[in-house]
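Step one of this worksheet: look at the structure below.
The values are calculated or read from the model by the stated rules, or taken from the named source; none is laboratory data. Everything quoted here is computed from the prediction, not taken from an experiment. As a convention, Cβ positions derive from the backbone with ideal geometry for all residues, glycine included, and neighbour counts pool all protein chains shown.
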Amino acid sequence: MRAAHSLGAVVIALASVGLARADGGMPPWSDPNDLPVPSWAKSVYAMKEDQPLQSSPATGSQRRGSVIARARLPLFGAKRGPGCEGRWLLVGPYAWICADLVELSPEEPLPGPGAQSLLSALPPKVSGDGLPYRYHFVGKDGASGFHDLDHAEDEAPDQDYEAGFAVAIVEERVAHGERWGRTRHGEWIALRELGAAHPPAFKGEVLPETGALDFAWVGPDKASVYETPASSKPTGARVHQEVVAWREEQPSPGGVMVRVSDDGAPPAWIRAKDLVRPTLSPPPDDIGGPKTQERWIDVELATQVLVAYEGTRPVYATLVSTGRGAAGTDTATPVGAHRIWVKLLATNMGNLQNEDADEHYSIEDVPYVQFFDKAVALHGAFWHRAFGHVHSHGCVNLAPADAEWLFAFTTPHIPVGWSAALPAPVEKGTMVRVR
């Protein structure tokens with residue numbers, strides 16, 4: 001995964017703001033007419049969650065992103081500017097944060113390129129399920145949240161959670177004789193009031209260098225397998241979302257049949273109508289000429305298939321769940337080509353449907369959110385397993401492992417320690433086409 005910008009992008013950003021140090025040494029650079037940045041300062045420590053990053057050293061400049069609490073960001077330079085009593089600190093390509101909101105640190109910044117995960121700033125999880133946090137659903141009796149765990153038994157709750165609400169737990173402690181979990185937003189909830197979410201194991205396929213789309217997924221809950229195209233008696237079955245090979249097609253009285261067995265293996269045929277196969281699609285006009293290697297994403301509503309491309313070569317394919325509404329309604333996924341205009345590691349969403357609850361509910365910190373058409377986004381969904389069928393309220397739902405893969409694939413990239421990123425002159429948003 002690419003977890004941070006290249007050094008070249010950083011150099012471009014530094015040059016564009018005209019920062020230079022008289023001795024030409026290594027960063028942090030500062031205005032030669034201003035006090036120098038302390039020599040011991042190696043990084044910038046973010047004290048609170050989602051502190052804003054601006055694209056230039058001014059409060060009114062375009063938003064560039066936000067920062068994860070307790071992250072240590074690299075320090076490249078400092079400059080005076082409006083809206084900040086101290087100085088604006090350059091912590092990434094076109095990324096400035098006000099010194100009033102952070103502390104300088106003598107420690108090295110968090111890992112950059114080469115880090116094992118985009119999420120190095122987060123607490124470790126028990127399993128590698130593609131999710132940035134451990135998620136829990138509130139039980140049928142609701143739950144209570146407390147700012148102060150030490151006095152949780154003595155004070156009224158600071159927040160009440162309704163049944164079906166989902167929260168992201170980032171820390172656990174034992175207090176008052178039981179185990180508690182702290183949400184990403186700082187509320188402590190007794191774990192007996194929560195039930196752990198079990199995300200789906202489904203994930204898409206990384207394609208070979210040839211870009212061959214010689215496979216399919218089983219569409220219905222169960223598809224019969226036959227020994228020959230003309231057989232009438234099934235010899236077995238395959239289940240929904242199972243991946244099968246696509247070796248050849250033959251007509252039959254019941255429709256086209258597809259051989260899903262390799263040469264030399266016992267023959268196995270499945271009706272084509274029971275399979276969902278990704279298809280090749282030409283790039284949108286805005287992508288460029290035939291030799292371009294720009295990355296883009298294609299979402300086909302008819303098949304509920306997403307294919308990620310580098311130029312004309314498909315590199316990844318998976319099943320998705322798009323909006324269930326009729327075309328043109330608020331709950332339909334709109335067709336068209338748009339560029340990602342913001343990426344968020346996680347954000348709150350409401351009016352989502354939980355298969356385990358009777359009513360609509362809200363989720364804190366929906367993972368890997370990439371908005372591309374106003375409020376329509378690609379994002380991870382751990383609360384259902386209906387990938388391959390329409391299911392959402394308009395967004396493109398992805399299995400968590402797919403959402404994580406695409407989050408690393410698309411631009412703008414989110415450096416380690418950031419919680420959100422918007423496009424910059426050095427990196428525009430990836431094109432997403434829905435058709």
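With respect to ALA346, determine if the residue is within 24 Å of TYR135 (Cβ to Cβ) and at pLDDT below 95.
yes
Across the stretch 176-187, which residue is farthest from the chain's Cα centre (by Cα) among those that are assigned to a strand (DSSP E or B) and within 14 Å of SER144 (Cβ to Cβ)?
Selected residue: GLU178.
Does the stretch 381-388 contain any residue that is assigned to a strand (DSSP E or B), in contact (Cβ under 8 Å) with a residue 60 or more places away in the chain and not hydrophobic (A, V, I, L, M, F, W, C)?
no
With the condition being modelled with pLDDT of 95 or more and among the aliphatic types (A, V, I, L, M), I'd like the strands (runs of 3 or more DSSP E) fully within the stretch 207-279 carrying at least 1 qualifying residues.
Correct list: 215-218, 222-225, 236-239, 243-245, 257-259, 269-271.
Within the stretch 149-175, can you find the residues that are exposed (fewer than 12 other Cβ atoms within 10 Å of the Cβ), touching a residue at least 12 places away in the same chain (Cβ under 8 Å) and in a loop (DSSP other than H, G, I, E, B)?
Selection gives GLU153 alone.
Please pick out the residue among VAL218, VAL243 that is closer than 15 Å to SER261 by Cα and surrounded by 17 or more Cβ atoms within 10 Å (Cβ to Cβ).
VAL218
Looking at the stretch 133-141, is at least one residue modelled with pLDDT of 95 or more, surrounded by fewer than 18 Cβ atoms within 10 Å (Cβ to Cβ) and assigned by TED's automatic domain parsing to the domain that holds TRP29?
No, that holds for no residue.
May I ask you to list the residues in the stretch 185-244 that are over 26 Å from HIS379 (Cα atoms) and of a type in the set (D, E, K, R)?
Answer for the stretch 185-244, where residues must be over 26 Å from HIS379 (Cα atoms) and of a type in the set (D, E, K, R): ARG192, GLU193, GLU209, ASP214, LYS222, GLU227, LYS233, ARG238.
Let me spell it out: the conditions are (1) free of Cβ contacts under 8 Å to residues at least 60 places away in the same chain; (2) part of a loop (DSSP other than H, G, I, E, B), and GLY325 meets all of them except one. Which number is the exception?
Tallying (1) free of Cβ contacts under 8 Å to residues at least 60 places away in the same chain; (2) part of a loop (DSSP other than H, G, I, E, B), GLY325 fails exactly one: (1).
Regarding the stretch 86-97, can at least one residue be identified that is surrounded by fewer than 17 Cβ atoms within 10 Å (Cβ to Cβ), of a type outside the set (Asp, Glu) and at pLDDT 90 or above?
There is at least one residue in the stretch 86-97 that is surrounded by fewer than 17 Cβ atoms within 10 Å (Cβ to Cβ), of a type outside the set (Asp, Glu) and at pLDDT 90 or above.
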